[in-house]
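Every number here is computed from the coordinates shown, using simple stated rules; none is lab data. Worth saying up front: this structure is predicted, and the values here are computed from it rather than measured. Positions of Cβ are backbone-derived with ideal geometry, glycine not excepted, and every protein chain shown enters the neighbour counts.
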Amino acid sequence: MKLSRAVKPISYLKQHTAEAVKQVNENNSAMVITQNGEAKAVLMDIAEYEQTQESFALLKMLAQSKESFHQGRHKPARKALADVRRQLKERGY
């Protein structure tokens, strides 16, 4: 969907809520809602929202990992796996 078609005033949303929800669901898209000519909110398909949240979570983990690496908080994979195996063994797994 083109962005020009996906920008709607809040009055449209008030009058056509069911249609707007159907539209974003059928197109797996988002709709920008404006108020007084300014973008104020986004109406988004739930599947797209969940995918976006998962992407943000992965990006956050990558950023945290990068920061940890730069702070010297890392170890070789062999050592990490050995530590995990040891912990599992200690717990009876």
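Observations, loosely collected:
- DSSP finds beta bridges in the chain, and of those with both partners inside it, around 65 percent are antiparallel.
- Debye log10 I(q)/I(0) at q = 0.28 Å⁻¹ for region 48-90, Cα point scatterers: -0.87
- Relative contact order computed over the chain (Cα-Cα under 8 Å; 6+ residues apart), in percent: 18 percent
- Annotated for the chain: lysine pairs at least 8 residues apart or interchain, Cα distance under 26 Å, count 15.
- Here r is the Cβ-Cβ distance between VAL21 and ALA57 and R0 is 30 Å; the resulting FRET efficiency, rounded to 0.05, is 0.75.
- Comparing the chain with the 2.2 N^0.38 Å rule of thumb, its C-alpha radius of gyration ratio is 1.84 (two decimals).
- Once both labels are positioned 7 Å from their Cα atoms along Cα-to-Cβ, the gap between GLU50 and LYS14 label points is 3.3 nm.
- Ranking SER11, ALA82, GLN53 by how far each Cα lies toward the positive end of the dipole of the chain (charges on Cβ) leaves ALA82 at the top.
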